[in-house]
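In what follows, a structure is listed as structure tokens, so that the remarks can point back to it.
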Amino acid sequence: DFARFDLIVGMDADNIAALEAMRPAGNTTRLRLMLSYLDGEGKTDVPDPYFTRDFGAAFDLIEVAAEAMVAGYSQR
């Protein structure tokens, strides 16, 4: 993925840390948290639904953030 994409999105800080550990030397692919696309929401991590058991809430957060991400890219 690091060779194919210019952006990789993680759901939480642990995802980003794991991605950083896998990053090939010299690679400049941007890593970004999914919820960073939600300005002013105050949340950084998508709660893991396997622990919270709230799959609907996790899906809703991801869906709203994905819409914001697409809107941001379409305005470029």
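What the table shows:
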| read-out | value |
| --- | --- |
| Filter result for Thr29 (closer than 24 Å to Ala71 by Cα, among the hydroxyl-bearing types (Ser, Thr, Tyr) and in contact with a Phe, Trp or Tyr (Cβ under 9 Å, 6 or more places away or on another chain)) | yes |
| Pair list, Cβ < 8 Å and 6+ apart or interchain, from region 1-17 residues that are hydroxyl-bearing (Ser, Thr, Tyr) to residues that are in a helix (DSSP H, G or I) | none |
| Residue within region 60-68 that is charged (D, E, K, R) and touching a residue at least 24 places away in the same chain (Cβ under 8 Å) present | no |
| Asp6 vs. criteria modelled with pLDDT under 95 and either touching a Lys or Arg at 6+ places or on another chain (Cβ under 8 Å) or hydrophobic (A, V, I, L, M, F, W, C) (or both) | yes |
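The values are calculated or read from the model by the stated rules, or taken from the named source; none is laboratory data. Computed from a prediction, not measured in an experiment: that's the story for all the values here. Here Cβ is always computed from backbone atoms with ideal geometry, including for glycine, and neighbour counts include all displayed protein chains.
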